Amino acid sequence: MNAALENKPLKVLVVGGGIGGMSAAITMRGIGASVELVDIDPSWGVSGAGITITGPTLRAFKQLGVLDEIMANAYTGNGIRVCDVEGRTLQELDTPMPPEAGVPGSGGFTRPGLHRILAKRVREAGVEVRLSVTVDGFHERRDGVDVAFSDGRTGHYDLVVGADGVWSRVRELIFPAAPTPEYTGQNSWRVTLERSPEIDRRHYYLGGPLKVGFTPVSDQQMYLFVLEKSPKVWRQKTGLHEPLAALLKDYGGMVGKVRDGLNEASEIVFRPLEGFFLPPPWHCGHVLLIGDAAHPTTPQLASGAGMAVEDALVLAEEVARAASVPEALLAFMARREERCRLIVESSIEIGRLEQARAPVAEQTAVVQRALQILAAPI
Ligand SMILES: Cc1cc2nc3c(=O)[nH]c(=O)nc-3n(C[C@H](O)[C@H](O)[C@H](O)COP(=O)(O)OP(=O)(O)OC[C@H]3O[C@@H](n4cnc5c(N)ncnc54)[C@H](O)[C@@H]3O)c2cc1C
């Protein structure tokens, strides 16, 4: 174990209490660090329908110690059924995980359900959580970093973990000239629905003008996702059922049934897709970016959450074995760069193929190749 940790607990600040920040708070407590977490959101909530979980993401949850609780509440299974716009099966994709991983190859969960499980673990681990707070500035010192908070407080930390998402304030502070996320040309729609027995696994409907699919998230619920090519970013929040139904006009089968049932009460979440890969390193002095703050990805491989959790696992492992925080951050980068780049670049590539209406087999080949590489140990 790190000499610094043996003598006095490492003092860690996590900025952002999403999937990555909560995971980092849990893993850093796990190696004996004292951890504070700040989140700008006063309610520390989460919006959004469901989330698709891959086998590697389930493996990361297992290592984090939350797999059983997730599996008790979520959908888990194997495989993805690829259909045409009428709902006829074209292909069954396997989602294999090595048996030693001890997890299914695929799954889905509600975002609020996942948030509740992680937030409970954060509290139980003894993390000090402060809400409605962000960071205003950093001042690097030889032995750590001084932090100025938006509520007027200040603090000194051995390590700051910036996990404040795609529009990261921490990233802006430490890398003011860094590129910022760009609209990728697609909008995402998600609708929470009662689960149909027909949707016994994840489904994709390819070959049409959109990418459409279903992910079960529990025994009772599933969500519909739609990726739409659009030259413009629009951020309409209400009256979404009509434009969504119009988009789905050519679809039959289960998608057509769902379209016909859309109304003003439908729970629809709309978001333009933004992605980029921050050129490494993702750290400056004693401040590190993880999750979407460093490698926000579009959802084509459903791996953004998994990458954020993996970041947290690898960070704690490297801090526990390194002689100093800067040394740990270098080791972290060496393990994370290539894997996260694969996810971001492959997701954007699949998005491009979708927009170009490339043959279904070409799209699924990129998905399968990436999933196979991701199944390798982290
Ligand atoms: C449409 C869409 C669908 C997706 N679907 C999937 C999917 O099915 N499966 C999957 O694995 N991934 C999916 N992703 C990606 C996934 O949501 C993200 O990769 C994941 O949430 C990243 O976690 P994070 O903790 O880094 O960031 P976030 O989850 O964004 O959390 C950031 C946290 O920081 C807080 N915060 C923000 N600004 C500040 C600040 N200035 N100061 C303090 N706190 C701040 C926020 O309140 C929030 O709590 C999807 C993404 C999109 C856009």
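The values are calculated or read from the model by the stated rules, or taken from the named source; none is laboratory data. None of these values were measured; they are calculated from a predicted model. Note that we place each Cβ from the backbone using ideal geometry, even for glycine, and neighbour counts take in every protein chain shown. Ligands, DNA and RNA are excluded from the accessible area calculation, which covers all protein heavy atoms including side chains. Shrake-Rupley method; radii C 1.70, N 1.55, O 1.52, S 1.80 Å.
Data overview
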item	result
Failed criterion for residue 87 (all others in (1) more than 16 Å from the ligand (Cβ to nearest atom); (2) under 22 Å from the mean Cα position of the chain (by Cα) hold)	(2)
Residue among 185, 213, 165, 137 that is assigned to a strand (DSSP E or B) and within 30 Å of residue 322 (Cα to Cα)	137
Only one of 291, 256, 285, 239 that is within 30 Å of residue 143 (Cα to Cα) and over 24 Å from the mean Cα position of the chain (by Cα)	285
The stretch 123-160, subset near the ligand (Cβ under 10 Å from one of its atoms) and within 14 Å of residue 293 (Cβ to Cβ), residue surrounded by the fewest Cβ atoms within 10 Å (Cβ to Cβ)	134
The stretch 59-78 - residue that is in a loop (DSSP other than H, G, I, E, B) and under 30 Å from residue 205 (Cβ atoms) and, of those, modelled with the highest pLDDT	74
Complete set of residues in the stretch 163-181 that are under 17 Å from the mean Cα position of the chain (by Cα) and not β-branched (Val, Ile, Thr)	163, 164, 165, 167, 168, 181
Test: residue in the stretch 23-37 that is in a strand (DSSP E or B), out of contact with any Phe, Trp or Tyr (no Cβ under 9 Å at 6 or more places or on another chain) and open to solvent by 30 Å² or more (accessible area, probe 1.4 Å)	yes
Residue 81 within 30 Å of residue 256 (Cα to Cα) and part of a strand (DSSP E or B)	yes
Selection from the stretch 59-106 of residues that are surrounded by 20 or more Cβ atoms within 10 Å (Cβ to Cβ) and at positive phi	none
Residue list for the stretch 217-241, filter: over 19 Å from residue 109 (Cα atoms), out of contact with any Leu (no Cβ under 7 Å at 6 or more places or on another chain) and not in a strand (DSSP E or B)	230, 231, 232, 233, 234, 235, 236, 237, 238, 239, 240
Tally, over the stretch 347-364, of residues that are under 16 Å from residue 298 (Cβ atoms), in a helix (DSSP H, G or I) and open to solvent by 40 Å² or more (accessible area, probe 1.4 Å)	4
Answer from 367, 344 - the residue that is modelled with pLDDT of 90 or more, open to solvent by less than 10 Å² (accessible area, probe 1.4 Å) and assigned to a helix (DSSP H, G or I)	344
Of residues in the stretch 264-297 being open to solvent by 10 Å² or more (accessible area, probe 1.4 Å), touching a Gly at 6+ places or on another chain (Cβ under 9 Å) and not in a strand (DSSP E or B), the one farthest from the ligand (Cβ to nearest atom)	264
All positions within the stretch 235-258 that are open to solvent by 50 Å² or more (accessible area, probe 1.4 Å) and touching a strand residue (DSSP E or B) at 6+ places or on another chain (Cβ under 9 Å)	235, 236, 237
Contacts under 8 angstrom Cβ, first residue in the stretch 210-239 being in contact (Cβ under 8 Å) with a residue 12 or more places away in the chain, partner open to solvent by 100 Å² or more (accessible area, probe 1.4 Å), 6 or more apart	210/229; 220/194; 221/194; 222/194; 239/264
Search result, residues across the stretch 242-263 that are of a type in the set (D, E, K, R), in a loop (DSSP other than H, G, I, E, B) and within 17 Å of residue 199 (Cβ to Cβ)	none
Residue in the stretch 299-306 that is within 14 Å of the ligand (Cβ to nearest atom) and not in a helix (DSSP H, G or I) present	yes
Answer residue from the stretch 162-175, given it is near the ligand (Cβ under 10 Å from one of its atoms) and among the β-branched types (Val, Ile, Thr) and is surrounded by the fewest Cβ atoms within 10 Å (Cβ to Cβ) among those	166
Given (1) modelled with pLDDT under 95; (2) over 20 Å from residue 322 (Cα atoms); (3) of a type in the set (A, V, I, L, M, F, W, C), index of the condition residue 3 fails	(2)
Matching entry among 52, 95 (being within 16 Å of the ligand (Cβ to nearest atom), touching a Ser or Thr at 6+ places or on another chain (Cβ under 8 Å), under 27 Å from residue 195 (Cα atoms) and assigned to a loop (DSSP other than H, G, I, E, B))	95
